[in-house]
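J.: Here's a structure for you.
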Amino acid sequence: MSVNTINTHNKEIIHLDFKNFNPDMLITELDIARNLIATKKHNSVLIIADITGTSFDPKILIHLKFFMDHNRKYVKFTAMLGVTGMRETIVNQIIRFTGRTNIKLFNNYNEAENFLVNLE
């Protein structure tokens with residue numbers, strides 16, 4: 001399952017494992033994740049999103065922006081993995097466009113998880 005919830009160090013983290021997805025797969029899973037996130041309290045959701053090897057096209061940009069705008073009120077912080085090359089350019093543009101300041105890029109899962117579980 002690409003969208004799941006894990007509990008670690010008394011924290012609930014939503015893990016979005018979108019590695020090597022094509023745009024259509026990503027759109028489907030973003031909808032599933034959006035629906036799950038919408039069931040949570042405002043400013044409470046911790047997310048690790050891995051987009052390593054995922055491909056993007058113009059239509060995915062619209063869906064990513066909608067996903068990030070929708071989740072703004074629910075998400076306390078998002079840790080992203082696999083954001084290199086063209087994906088880094090695209091993600092940084094979406095971050096700037098949506099004004100989200102609670103997103104940080106990481107090189108590996110352990111760094112991302114440690115960061116999230118140590119948030120106050």
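Each value in this text was obtained by applying a stated rule to the coordinates, not by laboratory testing. Computed from a predicted model, the values in this text were never measured in an experiment. Note: ideal-geometry Cβ built from the backbone for every residue, glycine included; neighbour counts use all protein chains shown.
J.: Using a 10 Å cut-off around each Cβ, can you sort Arg87, Arg72 from fewest to most neighbouring Cβ atoms? Working shown, then result.
T.: Details: Arg87 18, Arg72 13.
By the 10 Å Cβ count, ascending, the order reads Arg72, Arg87.
J.: Could you go through the stretch 40-48 in sequence order and give the Karplus-derived ³J(HN,Hα) for each residue, using 6.51 cos²θ - 1.76 cosθ + 1.60 with θ = phi - 60°, rounded to whole Hz, and x for Gly and Pro?
T.: 9, 5, 4, 6, 10, 7, 10, 10, 10
J.: Can you give the extra length, in nm with one decimal, that the chain gains between His63 and Glu12 once fully stretched, where that is 0.36 nm per residue apart less the Cα-Cα distance? Write out the running numbers ahead of the final one.
T.: Working: separation 51, 0.36 × 51 = 18.36 nm, distance 2.49 nm.
Gain on stretching His63 to Glu12: 15.9 nm.
J.: While we're on this one: Which ³J(HN,Hα) values, rounded to whole Hz and listed in residue order, are derived for the stretch 58-71 from phi using the Karplus coefficients 6.51, -1.76 and 1.60 in 6.51 cos²θ - 1.76 cosθ + 1.60 with θ = phi - 60°, glycine and proline given as x?
T.: Whole-Hz 3J(HN,Hα) from phi for the stretch 58-71: x, 5, 5, 4, 5, 5, 5, 4, 4, 4, 5, 5, 4, 7.
J.: Shifting gears a bit: Among (i) 94; (ii) 107; (iii) 126, only one was calculated for this model; which label is it, if the read-out is volume of the Cα convex hull per residue in Å³?
T.: Here volume of the Cα convex hull per residue in Å³ agrees with entry (i).
J.: Could I ask something else about it? Let me have the relative contact order for the stretch 3-117, percent, based on Cα pairs under 8 Å that are six or more residues apart. All intermediate terms of the calculation are to be shown ahead of the outcome.
T.: Details: 177 pairs, mean separation 30.4, N = 115.
Rounded, it is 26 percent for the stretch 3-117.
J.: Right, here's the next one. Which angle between 0 and 90 degrees, to the nearest 10, do you get for helix 23-37 versus the longest principal axis of the chain when only C-alpha atoms count?
T.: Approximately 30 degrees, to the nearest 10.
J.: Using the Karplus equation 6.51 cos²θ - 1.76 cosθ + 1.60 (θ = phi - 60°), what ³J(HN,Hα) coupling, rounded to whole Hz, does each residue of the stretch 93-102 give in order, writing x for Gly and Pro?
T.: Residue by residue, the stretch 93-102 yields 5, 5, 4, 5, 5, 8, x, 6, 10, 10 Hz.
J.: Out of all DSSP beta bridges in the chain, what portion is antiparallel? Express it as a percent rounded to 5. Walk me through the numbers on the way to the answer.
T.: Numbers: 6 of 21 bridges.
Close to 30 percent.
J.: Please compare each pair in Lys40/Lys76; Lys11/Lys65; Lys41/Lys76 to a cut-off of 18 Å on the Cα-Cα distance and tell me which ones are over it. Kindly include the intermediate steps, with their values, before the conclusion.
T.: Working: Lys40/Lys76 11 Å; Lys11/Lys65 26 Å; Lys41/Lys76 10 Å.
Going by Cα-Cα distance, Lys11/Lys65 fall outside the 18 Å limit.
J.: So for each of 55-65, 23-33 I average, over its residues, the number of other beta carbons within 10 Å; can you give me the resulting order with the highest mean first? Working shown, then result.
T.: On the way: 55-65: 14.2, 23-33: 16.4.
The densest-packed peptide leads the list: 23-33, 55-65.
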